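Enquirer: Just passing along the structure, written as structure tokens.
The values are calculated or read from the model by the stated rules, or taken from the named source; none is laboratory data. What you see is a predicted model; the values in this text were computed from it and never measured. Because the Cβ atoms are built from the backbone with ideal geometry, glycine has one as well, and the counts that use them run over all protein chains shown. What goes into the accessible areas is simple: the full protein's heavy atoms, side chains included, and nothing from ligands, DNA or RNA. Shrake-Rupley method; radii C 1.70, N 1.55, O 1.52, S 1.80 Å.
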Amino acid sequence: MLGLENTEELAYRALVEVPSYNADELAERLGCHPVEAARSLAALESGGLAARSSSGTDRYVASPPSVALAALAVQREEELRRAQREIESLAEIYRGTDTDRSVSDVVDVVRGTKAVGQRFTQLQMSAREEVLCFVKAEVAAVAAEENTAEDAAVTRGVRYRVVIERNSFDRPGFFPAAADSLRAGEEVRVVPELPIRLLIVDRRIALVPLVSGSRRDIGALIVHSSGMLDGLLALFDRVWREAMPLVFGSEGVVEESPTADGLPELDAQILGLLLAGLTDQAAANQLGLSMRTVQRRVRALMDLVSADTRLQLGYHAARRGWL
């Protein structure tokens, strides 16, 4: 809460709920050592969130939240404004030297799984408009379903366009993560195979994770504005145009039988996976169904629209707005 340590926040909340506390009483309330409780009380007093009680110097009372927290919020906002001004100043200096970069300066090398994961997270946290991404089936540093920075970026309005390898669906937990991404508004497409792993932020900087050697060493290239970045952008745009959109139907359609407006969510998921190129068995595995159930539901949809082939079913699904 507003930069407070966890114990300090718990201590302040406890003080708000009672007239006063001393260190021993607070320690018993929080289940911590009295020394830790005393340290939290001293920190709150130093920050203006608590004061000594008039009934005893060893007792503390909470400062009114409407006053103390409001002042702390204003302080944090000012710190953020100063940080933003510093970022803009440094970015301006960086842009001024950008044209003087040599060939070797265009690319930075990152070594190690932890370092690559940090850069992967930092770049997404810095995104303002758009993130472009290639996701290969084999995880290099951060699994797609563990990418919390992506969720945060989407929440603040960053557009995500993601291309995934078809075999990614073989990884446990990937299908629910992909479905959540679609529901969050991301655009996801599928291809049989991707040439590289790739992350491009705001079309200004790229991260290219690399896996090499028999020990599967992890590293990455950070590519700045250059002809190389232009080439990576062109590669993404071309693969994106040729990839198959991943679609699972309209959220919230729960009718037990298909209509002109939609179809059951399970049928939409089956169709979406089949259109992405998965086999009946692979789609069944992702949805926890038997292959016979998948085939039966597809057959029922074909009968509904009088389709003799699955190609005709795909046409009717698009025409009726099922996907």
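Enquirer: What is the residue count in segment 268-315 for residues that are over 28 Å from the mean Cα position of the chain (by Cα) and open to solvent by less than 40 Å² (accessible area, probe 1.4 Å)?
Expert: 10
Enquirer: Could I ask something else about it? Here are some residues: V163, V188. Which one is without any contact (Cβ under 8 Å) to a residue 60 or more places away in the chain and open to solvent by less than 60 Å² (accessible area, probe 1.4 Å)? Don't jump to the end; show me each part of the working.
Expert: Values: V163 fails: without any contact (Cβ under 8 Å) to a residue 60 or more places away in the chain.
Being without any contact (Cβ under 8 Å) to a residue 60 or more places away in the chain and open to solvent by less than 60 Å² (accessible area, probe 1.4 Å) holds for just one of V163, V188, which is V188.
Enquirer: Failed condition for S257, given (1) assigned to a loop (DSSP other than H, G, I, E, B); (2) surrounded by fewer than 19 Cβ atoms within 10 Å (Cβ to Cβ); (3) modelled with pLDDT of 80 or more, with all others met?
Expert: In the conditions (1) assigned to a loop (DSSP other than H, G, I, E, B); (2) surrounded by fewer than 19 Cβ atoms within 10 Å (Cβ to Cβ); (3) modelled with pLDDT of 80 or more, S257 misses (3) alone.
Enquirer: If you take the residues in segment 46-88 that are open to solvent by less than 60 Å² (accessible area, probe 1.4 Å) and of a type in the set (S, T, Y), which one is modelled with the highest pLDDT?
Expert: Y60
Enquirer: If you take the residues in segment 9-24 that are of a type in the set (A, V, I, L, M) and open to solvent by less than 30 Å² (accessible area, probe 1.4 Å), which one is farthest from the chain's Cα centre (by Cα)?
Expert: A23
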